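Just so you know, all these numbers are worked out from the coordinates, no wet-lab data involved. The structure presented is a predicted model; accordingly, all values stated were derived computationally and were not measured. Please note: Cβ atoms are built from the backbone with ideal geometry, for glycine as well, and neighbour counts cover all protein chains shown.
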Amino acid sequence: MVDARQLVGTNVRRLRLAAGLSQEDVAARMGVDRAYISSLEAGRRNPTVVTVWHAAEALGVSIKALFEEDEDARPPLTERKRAPRLKPK
């Protein structure tokens with residue numbers, strides 16, 4: 001079973017990129033900070049129904065589109081390996 005937070009986040013990112021919008025654009029349309037969109041896309045947020053509605057409105061899609069599973073989609077952001085951080089000198 002897919003975690004709903006990851007599913008919504010992955011779909012927000014996919015739909016945002018398909019619409020040619022930046023995280024800043026979506027944040028401005030939703031009235032939130034860009035960092036919130038980043039956390040939402042990474043699946044680290046547990047958005048309320050109202051937040052999901054605002055995200056759908058900002059992206060110009062139905063709420064249902066944020067919960068649809070895409071079999072061809074890349075793995076959720078939280079499952080991707082990240083490059084190791086460099087330690088400051």
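What the table below lists for this structure:
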| read-out | value |
| --- | --- |
| Order of Ile63, Ile37 - criterion: other Cβ atoms within 10 Å of each residue's Cβ, fewest first | Ile63, Ile37 |
| Cβ-derived FRET efficiency at R0 41 Å, Glu69 paired with Ala28, nearest 0.05 | 0.90 |
| Contact order relative to length of the range 9-56, as percent, for alpha carbon pairs under 8 angstrom and 6 or more apart | 39 |
| Where Rh is the Kirkwood radius over Cα pairs, Rg/Rh for the range 4-79 | 0.91 |
| Charge sum, other residues only, whose C-beta stays under 9 Å from Leu59's C-beta, Lys/Arg counted +1 and Asp/Glu -1 | +1 |
| For the range 21-30, 3J(HN,Hα) per residue [Karplus equation, 6.51 cos²θ - 1.76 cosθ + 1.60, θ = phi - 60°, Hz, x = Gly/Pro] | 9, 8, 4, 4, 4, 5, 4, 5, 5, 8 |
